Every structure is written in structure tokens, then in C-alpha cells.
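Data block below; observations after.
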Amino acid sequence: MVRNGASLEAAHTSVRQLIAEKLKYLVPMTIIFMVGYIGLTVLAGFARDLMAVKVIGSVNLGFVLIALNYLLSWLLAIVYGRVASDVFDPLAAKAAAQIKAAH
């Protein structure tokens, strides 16, 4: 099996582009999630009086923040799914085609 050096380099470039594009989205999304999750944990541990503040009826701030944390997780998952289908999948298909052509 003969490999085409130029095709192989193009395939490597496509894979690098895919990784860079993924990092562009995943790093901020991961930071947002971790700040929300760890922030909620810190507040629950060190700001109990703040978390006990009633917001609506018997619903306290802690419950509201936990609910928002779940919503944040779902929102990030939905955003990731859309970005994956619109951005990552075409780049992955391009890289796969170039890798196949190089072999």
C-alpha cells in the first residue's frame, strides 16, 4: 500500500483543525459548568444562611440554584449537540475522507 505524503499531511491538518475547533467550544463550556457546579457546592457549604433565603413561598435560594444548575447542564448539552452536528461532524467527515484518500 502506497501512501501519498501530501494527502496524509492534509488529513493531519484536518484532524488538527477538528481538535482546535472542539477545544474552542469545549473549554469555555467546561469552565462554565465547573464554575456553576463548584460554586453551588461552595455556597452550600459556606453560605448556608444565604442559601436558606426564601425566594418564593417556601422555595429557598439553594433550591433555585440547584434547579438552575440542572437547567445549565441541559442547556450546555443542547448547545453541544447543535455545535457537534453543525461544526464538528462536517470537519470529522472531511478528515475521515482525507485519511481514507491518503491510504
Checklist entry - Within the range 51-67, how many residues turn out to be touching a Lys or Arg at 6+ places or on another chain (Cβ under 9 Å) and either at positive phi or in a helix (DSSP H, G or I) (or both)? => result 2
Item to check | Which listed residue is surrounded by 12 or more Cβ atoms within 10 Å (Cβ to Cβ), at pLDDT 95 or above and not aromatic (F, W, Y), from V55, V59 | outcome: V55
Checklist entry - Just one of A6, A44, A20 is loosely packed, with under 15 Cβ neighbours inside 10 Å and either under 11 Å from the mean Cα position of the chain (by Cα) or in contact (Cβ under 8 Å) with a residue 12 or more places away in the chain (or both); which is it? => result A44
Next on the checklist: Based on this model, can you work out whether V35 counts as in contact (Cβ under 8 Å) with a residue 12 or more places away in the chain and of a type in the set (A, V, I, L, M, F, W, C)?
Outcome noted: no
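The values are calculated or read from the model by the stated rules, or taken from the named source; none is laboratory data. Nothing here was measured: the structure is a model prediction, and the numbers come from that model. Neighbour counts run over all protein chains shown; Cβ positions are idealised from the backbone, glycine included.
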